[in-house]
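First comes the structure, then the notes that go with it.
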There are 2 protein chains.
Amino acid sequence: MPALAEASRPKPSSLSDLEVESIEMFINFLRLLGWPKSVGEIYGLLFVSVGPLAMDEIMARTGMSLGAASQGLKLLREFGAVRTVYLPGVRKDHYVASGELSRFATSYIEEELLPRMRTAQERIQRMEKMMQSLPESGRQIPAERLDRLKYWLGKGQKVVPWLVKFLKL
Amino acid sequence: MPALAEASRPKPSSLSDLEVESIEMFINFLRLLGWPKSVGEIYGLLFVSVGPLAMDEIMARTGMSLGAASQGLKLLREFGAVRTVYLPGVRKDHYVASGELSRFATSYIEEELLPRMRTAQERIQRMEKMMQSLPESGRQIPAERLDRLKYWLGKGQKVVPWLVKFLKL
DNA sequence: CGAATCTTTCAATAAAAAATGAAGGATTGG
DNA sequence: CCAATCCTTCATTTTTTATTGAAAGATTCG
């Protein structure tokens, strides 16, 4: 058998109805987080897999490329959605889906949402300063909107930890 | 002055620091919802605008095209993030940013998140049926994951209305 | 009603994002 | 240490998404 890197793309072996259903479900969900289809494919496949799968098996089942499989697994590992299992006497890494689905949500909140909220708060401070140079008359309306946004962001930052905690349960 | 549709694209008139800051902020936020840059530009501009703006003014200030302005405003209208104001004796529609920022979040939850959660629940039911034909031995692990997902979705559907209510305050 | 103005639509183009696979790096078994 | 295997990286290609602006539709004014 030729080494993986030289191998022609393995033909996608047919997926079971169960696997297809799972894959479609996760493609749809992970799109909410802006993640590419390939990542949904990998996770969806692992989600209903009885045992751990190696990268080449994932490639063979889904028909995706080496690069996509490698990168997708990297991303999923970083987010803690997938982990490798130790199999004695086996060279290839084998992956299983982590049961903790909350990781998707909490990682998204912590790595996407919260940073943007913080940046926004800095921007608001700068904007408040800038507004002082607007004529008194016109300042009011945008100032009110800014206040509202500030209030709303503050509230958001308060719910988020609570929400994260709730999701982790 | 030539009619708008025939007019060459208006040169972007320079934006104030305040406007740039606001626009950048909303481009970043709305990207979370998967919305295009042009929409963030429009909303960011309106957000700090003292008075209502007509579409051609938005085009002139941001340098975006007729089509992008029209479509972006349509989207923002549909989501209730922007509304037209009545100005006596004025032909063009004029737009203001709605103060209710929560609309972005709640619309997203209601139009993107919830529908997907419902679809997922249907899929889960189908998957549970399909799993019955798996050999008893292998069924367990994916079945547990599915249970967890089901539980988690159920929880999610319970928080969401609460969250929406909280955000609307 | 008819001309002028304003808005929407959509086919074409441009820009951004994802997927591909060859090259090279890392690891392991002999 | 060498060779085989496995994994990652990244320049290129493909696919998807956003933008453009001309054409056509809708509205208003005289």
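For the reader, a short list of remarks on this structure follows.
- Distances in nm from A:SER107 to the matching label points in the other copies, shortest first (labels 7 Å along Cα to Cβ): 3.0
- Accessible area of segment B:102-168 divided out per residue, in Å², using a probe of 1.4 angstrom: 60 Å²
- Considering only B:ILE42, B:LEU75, B:HIS94, the residue lying farthest towards the positive end of the dipole of chain B is B:LEU75, judged by Cα position with unit charges set on Cβ.
- B:VAL50-B:LEU169 FRET efficiency (beta carbon distance; Förster radius 35 Å; 0.05 resolution): 0.80
- With Cα atoms as the point set, the radius of gyration and Dmax of segment A:70-154 evaluate to 22.6, 77 Å.
- Residue-averaged [θ]222 nm for chain B, counting only DSSP H segments that reach four residues, each worth -39500 (n - 2.57): -20500 deg cm²/dmol
- Charge tally for A:SER102 (other residues, Cβ to Cβ under 12 Å; Lys, Arg +1; Asp, Glu -1): +3.
- What the Cα convex hull of chain B gives, in volume per residue, is 161 Å³.
- For segment A:103-112, 3J(HN,Hα) per residue [Karplus equation, 6.51 cos²θ - 1.76 cosθ + 1.60, θ = phi - 60°, Hz, x = Gly/Pro]: 4, 4, 5, 5, 4, 4, 4, 6, 9, 10
- Extreme residue, positive dipole direction of chain B, given options B:PHE166, B:GLY156, B:MET130 (C-beta unit charges): B:MET130
- If only the Cβ of Lys and Arg carry +1 and only the Cβ of Asp and Glu carry -1, the dipole of the protein assembly as shown around its Cα centre is close to 520 debye.
- Net charge of the neighbourhood of A:GLU19, taken over other residues with C-beta under 11 Å away and scored Lys/Arg +1, Asp/Glu -1, is -3.
- Number of partner chain Cβ atoms within 10 Å, mean per residue of A:76-84: 0
- Here's the list of lysines a cross-link from B:LYS74 could span, going by alpha-carbon distance under 17 Å and ignoring same-chain residues fewer than 8 apart: B:LYS37, B:LYS92.
- Chain B - percent relative contact order, Cα under 8 Å, separation 6 or more: 17 percent
- Once each of the trypsin sites (Lys or Arg not before Pro) sitting in a DSSP loop with at most 16 other beta-carbon atoms within 10 Å is removed, chain B keeps B:1-90 as its longest stretch.
- Accessible surface of chain A, 1.4 Å probe: 53 percent of it comes from carbon and sulfur atoms.
- Using the Cβ-Cβ distance between A:GLU100 and B:THR84 with R0 set to 51 Å, the FRET efficiency works out to roughly 0.65.
- Stretch gain in nm, segment A:GLU111-A:ARG77, where the contour uses 0.36 nm per residue and the Cα spacing is subtracted: 10.8 nm
- Going from the isolated chain to the complete set of protein chains, segment B:148-169 loses at least 30 Å² of heavy-atom accessible area (1.4 Å probe) at B:ARG148, B:LEU149, B:TRP152, B:LYS155, B:VAL159, B:TRP162, B:LEU163, B:PHE166, B:LEU167, B:LEU169.
- Prolate/oblate/rounded label for the protein assembly as shown (Cα gyration tensor, a/c 1.5): prolate
- Between B:MET131 and A:GLN125, the C-beta separation translates, for a Förster distance of 56 Å, into a calculated FRET efficiency of about 0.55.
- The alpha-carbon of B:LYS150 sits under 20 angstrom from the alpha-carbons of these lysines, leaving out residues fewer than 8 places away in its chain: A:LYS165, A:LYS168, B:LYS129, B:LYS158.
- Cα shape, segment B:4-97, gyration tensor, a/c 1.5 rule: rounded
- Degrees separating the helix B:17-32 axis from the principal Cα axis of chain B, which is the longest one: 20 degrees
- Against chain B, whose longest principal axis is taken from its Cα atoms, helix B:37-47 shows a tilt of about 60°.
- Placing unit charges on the Cβ atoms only, positive for Lys and Arg and negative for Asp and Glu, gives segment A:4-97 a dipole magnitude near 260 debye about its Cα centre.
- Dipole magnitude of chain A about its Cα centre (Cβ charges: Lys, Arg +1; Asp, Glu -1), debye to nearest 20: 660 debye
- Separation of segment A:80-158 from segment B:24-54 is 17 Å, based on Cα centroids.
- Length gained on full extension, A:ILE141 to A:ASP17: 39.0 nm, using 0.36 nm per residue less the C-alpha separation.
- The mean count of C-beta atoms from other chains within 10 Å of the C-beta of residues in A:25-31, rounded to a whole number, is 4.
- Inter-copy spacing of B:SER16 label points, which lie 7 Å from Cα along Cα→Cβ, given in nm from shortest upward: 6.4
The values are calculated or read from the model by the stated rules, or taken from the named source; none is laboratory data. Because the structure is predicted, anything quoted here is derived from the model rather than measured. A quick note on method: Cβ atoms are made from the backbone with ideal geometry, for glycine too, and the neighbour counts reach across all protein chains shown. The protein model used for the area step is the full one, side chains on, heavy atoms only, and it has no ligands, DNA or RNA in it. Shrake-Rupley method; radii C 1.70, N 1.55, O 1.52, S 1.80 Å.
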